[in-house]
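Everything on this sheet refers to the single structure shown next.
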Amino acid sequence: MPTPFEAMALASGHAVAVGTYAVDSLWTLALGRPTGSAVLNGGRRSCWKAGASCVWKAHGVWGEDRGTPVLLKPRYFDVGPAYFGDECFRPFLERYAAAVRSAGHPRWKVFVELPPADLGLCDFPDLRDAGNAAMIPGGGAPAYVHAPHWYDQLTLFFGAYTPWVSIDAATGAPALGRGAVTRLHEWQLAELEAVGAAKVGAAPCLVGEVGVPFDVDGRALYAKPVAKRSDAVGKFPDGPADAALAHTVDVLEARDLSYTLWCYEASHDDDALGDRWNREDLSIYSRRPRAVYVPADRDPAAVHFGGRAVPAFSRPYARRLAGPPTKTPRFDAATGDFDVEFSAVCDAPSEIFVPAAVHYPDGFAVDVSGGTYDVDFAGPEDGAYAVVTYHHDRSAKSHALAVRRVGGGRTAPRRRCCGAARPRPRGGPAAPATAPLVMHQHRPL
């Protein structure tokens, strides 16, 4: 890969020996050093039209000494790490944000991101002051959403998932042991949140791109036969890609971050082209999958068939809460336990999404700290999920809800919330506040 100076010389018809880099090399990843060299443009062809020459050579950035390219102004482009963000990105952001809102809605939030921070390419500009339209006029709401990318770098670059080792690309520091790897990844995500808080203010943070490659370990996944709908459901995780995506979602949830997975590609196939983009293979869907995660009798419409690592990302979550969580909502895929606790600031009900077909094949139980709840099931043609609508006890300040898997030895909660109420049919009366603690099992019809 040529440096900018080498690229100028190559474009002007010089043969140049350039460094070669390997994305699966610690020497490259940690230190940015080449692993070898290669001579490019041996035919000495110029890309400039006849009678024209390199504009940077004309500006004196480089020249020739007896036919050999020589760099004359090595700091010509060194404008400091803040230049791009302050002088280029921020003015552009303000113009395109205004254009988007003028064509749509004046209160639309605009997603913003720069190159990954760990690459150290440029500083994130300060978008907090009113002069930079950090707040939507008249509404006081943040005008932007901080939407950085994040990946488990070692898995992405090396094409192998090793849960007990990782490296921080920004510092070159290693992390050894599962706990250390988890702490490193949570710290990296916390750093992204800190950048958003420092430079974008109260704007929400959403990881705009995150995922894992499924062709890890030398494409070992594709040595398995193509799955059929009639196949039995295997044990999860079914290979390193499943485990890698489960870990990625675990650390995102540990930071209570919203995220969008890269990617869903409807034309994904099991050949070397994978996602049909850049020879990548990160799609959570494939036309030729290698595993079944929901049996055909529970998925007659084949909503889940073709999905990859489905249990890793199809999890219970609080899609609406009547107030801020007092603890980070957590899900344990091994047991099916999901817990959320919050402090209510309004009387609106809370809603919990429960992927019943994926994680609760024999049903699930709900426990609440007070109030009542309803359970509504979507049909198999929609994925056989459930939504728990929780009407909290308005006289209490703190509230808790737990979802537990039943069957397979798990018929009771690991812990119990303080007090409980019985579920009621929609519109029915609530149970007395003194009702004994009970768990109720729910299955799709």
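Being over 43 Å from the mean Cα position of the chain (by Cα) and either among the small types (Gly, Ala, Ser) or surrounded by 10 or more Cβ atoms within 10 Å (Cβ to Cβ) (or both) is the filter here, so list the residues in the range 46-56 that pass it. Break it down into steps so the answer makes sense when it comes.
Going residue by residue through the range 46-56, those that are over 43 Å from the mean Cα position of the chain (by Cα) are 49-53.
Across the range 46-56, the qualifying residues are 50, 51, 52, 53.
Only one residue in 236, 157 is assigned to a helix (DSSP H, G or I), buried (at least 18 other Cβ atoms within 10 Å of the Cβ) and not hydroxyl-bearing (Ser, Thr, Tyr), so which one is that? Working first, answer last.
Working: 236 fails: assigned to a helix (DSSP H, G or I).
That would be 157, the only listed residue that is assigned to a helix (DSSP H, G or I), buried (at least 18 other Cβ atoms within 10 Å of the Cβ) and not hydroxyl-bearing (Ser, Thr, Tyr).
Return yes or no: is residue 365 touching a strand residue (DSSP E or B) at 6+ places or on another chain (Cβ under 6 Å), part of a strand (DSSP E or B) and of a type outside the set (Phe, Trp, Tyr)?
On the way: touching a strand residue (DSSP E or B) at 6+ places or on another chain (Cβ under 6 Å): yes; part of a strand (DSSP E or B): yes; of a type outside the set (Phe, Trp, Tyr): yes.
Against the criterion (touching a strand residue (DSSP E or B) at 6+ places or on another chain (Cβ under 6 Å), part of a strand (DSSP E or B) and of a type outside the set (Phe, Trp, Tyr)), residue 365 qualifies.
So which residues in the range 21-45 are at pLDDT 85 or above, surrounded by 15 or more Cβ atoms within 10 Å (Cβ to Cβ) and not hydrophobic (A, V, I, L, M, F, W, C), if there are any at all?
Within the range 21-45, the first condition is being at pLDDT 85 or above, and the residues that meet it are 36-45.
Narrowing further to those that are surrounded by 15 or more Cβ atoms within 10 Å (Cβ to Cβ): 40-41.
Scanning the range 21-45 gives a single hit, 41.
Looking for whichever is over 30 Å from residue 106 (Cβ atoms), within 22 Å of the chain's Cα centre (by Cα) and either of a type outside the set (Asp, Glu) or part of a loop (DSSP other than H, G, I, E, B) (or both) here; the options are 163, 225. Which one fits? Spell out the reasoning first.
Working: 225 fails: within 22 Å of the chain's Cα centre (by Cα).
Just a single option satisfies the conditions, and that option is 163.
Cβ-Cβ under 6 Å, sequence separation 6+ or interchain: first residue in the range 226-242 and farther than 22 Å from residue 161 by Cβ, partner surrounded by fewer than 15 Cβ atoms within 10 Å (Cβ to Cβ) and at pLDDT 90 or above. Which pairs?
Correct list of pairs: 226/288.
State all residues of the range 65-89 that are of a type outside the set (Ser, Thr, Tyr), closer than 17 Å to residue 7 by Cα and surrounded by 13 or more Cβ atoms within 10 Å (Cβ to Cβ); if no residue qualifies, say none.
Those that are of a type outside the set (Ser, Thr, Tyr), closer than 17 Å to residue 7 by Cα and surrounded by 13 or more Cβ atoms within 10 Å (Cβ to Cβ): 69, 71, 72, 73.
Do we have any residue at all in the range 317-326 that's closer than 30 Å to residue 397 by Cβ, touching a residue at least 60 places away in the same chain (Cβ under 8 Å), assigned by TED's automatic domain parsing to the domain that holds residue 406 and buried (at least 19 other Cβ atoms within 10 Å of the Cβ)?
Within the range 317-326, one or more residues are closer than 30 Å to residue 397 by Cβ, touching a residue at least 60 places away in the same chain (Cβ under 8 Å), assigned by TED's automatic domain parsing to the domain that holds residue 406 and buried (at least 19 other Cβ atoms within 10 Å of the Cβ).
Being under 20 Å from residue 148 (Cα atoms) and free of Cβ contacts under 8 Å to residues at least 24 places away in the same chain narrows it down to one residue among 264, 285, 259; which is it?
Values: 285 fails: under 20 Å from residue 148 (Cα atoms); 259 fails: free of Cβ contacts under 8 Å to residues at least 24 places away in the same chain.
Criteria check complete, one pass: 264.
Please enumerate the residues belonging to the range 166-217 that are farther than 22 Å from residue 328 by Cβ and among the polar types (S, T, N, Q).
If the condition is that a residue be farther than 22 Å from residue 328 by Cβ and among the polar types (S, T, N, Q), then 171 is the only one that fits.
Is it the case that some residue within the range 185-207 is out of contact with any Asp or Glu (no Cβ under 7 Å at 6 or more places or on another chain), modelled with pLDDT of 95 or more and within 24 Å of residue 279 (Cα to Cα)?
Yes; the residues of the range 185-207 include at least one that is out of contact with any Asp or Glu (no Cβ under 7 Å at 6 or more places or on another chain), modelled with pLDDT of 95 or more and within 24 Å of residue 279 (Cα to Cα).
Take the residues in the range 333-343 that are within 19 Å of residue 387 (Cα to Cα) and either part of a loop (DSSP other than H, G, I, E, B) or modelled with pLDDT under 95 (or both), then tell me which one is farthest from the chain's Cα centre (by Cα).
Going through the range 333-343, the residues within 19 Å of residue 387 (Cα to Cα) turn out to be 333, 336-342.
With the extra rule that they be either part of a loop (DSSP other than H, G, I, E, B) or modelled with pLDDT under 95 (or both), the set shrinks to 333, 336.
On the way: 333: 18, 336: 22 Å.
Looking at the filtered set, the residue picked out is 336.
Those residues that are outside any loop (DSSP other than H, G, I, E, B) and out of contact with any helix residue (DSSP H, G or I) (no Cβ under 9 Å at 6 or more places or on another chain), I need them from the range 253-306; list them, please.
Step one: of the range 253-306, the residues outside any loop (DSSP other than H, G, I, E, B) are 253-254, 258-261, 285, 296-298.
253, 260, 285, 296, 297 - these are the residues of the range 253-306 that are outside any loop (DSSP other than H, G, I, E, B) and out of contact with any helix residue (DSSP H, G or I) (no Cβ under 9 Å at 6 or more places or on another chain).
Residue 329 passes all but one of (1) closer than 23 Å to residue 381 by Cα; (2) touching a residue at least 40 places away in the same chain (Cβ under 8 Å); which number fails?
(1)
Look through the range 88-128, keep the residues that are free of Cβ contacts under 8 Å to residues at least 12 places away in the same chain and small (Gly, Ala, Ser), and return whichever of them is nearest to residue 199 (Cα to Cα).
Filtering the range 88-128 for residues that are free of Cβ contacts under 8 Å to residues at least 12 places away in the same chain and small (Gly, Ala, Ser), the one nearest to residue 199 (Cα to Cα) comes out as 99.
Need the failing condition index for residue 329 against (1) modelled with pLDDT under 95; (2) assigned to a loop (DSSP other than H, G, I, E, B); (3) within 30 Å of residue 346 (Cα to Cα); (4) not β-branched (Val, Ile, Thr), just the number.
Evaluating residue 329 over (1) modelled with pLDDT under 95; (2) assigned to a loop (DSSP other than H, G, I, E, B); (3) within 30 Å of residue 346 (Cα to Cα); (4) not β-branched (Val, Ile, Thr) leaves (2) as the failure.
The rows are residues; the columns are (1) of a type in the set (Ser, Thr, Tyr); (2) within 30 Å of residue 155 (Cβ to Cβ).
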position	(1), (2)
32	no, yes
42	no, no
61	no, no
68	yes, no
73	no, no
82	no, no
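Is at least one residue of the range 216-226 crowded, with 16+ Cβ neighbours inside 10 Å, under 15 Å from residue 152 (Cβ atoms) and aliphatic (A, V, I, L, M)?
Among the residues of the range 216-226, at least one is crowded, with 16+ Cβ neighbours inside 10 Å, under 15 Å from residue 152 (Cβ atoms) and aliphatic (A, V, I, L, M), which makes the answer yes.
The values are calculated or read from the model by the stated rules, or taken from the named source; none is laboratory data. Predicted model only: the values in this text are computed from it and were never measured. Here the Cβ is made from the backbone with ideal geometry for all residues, glycine too, and neighbour counts use every protein chain on show.
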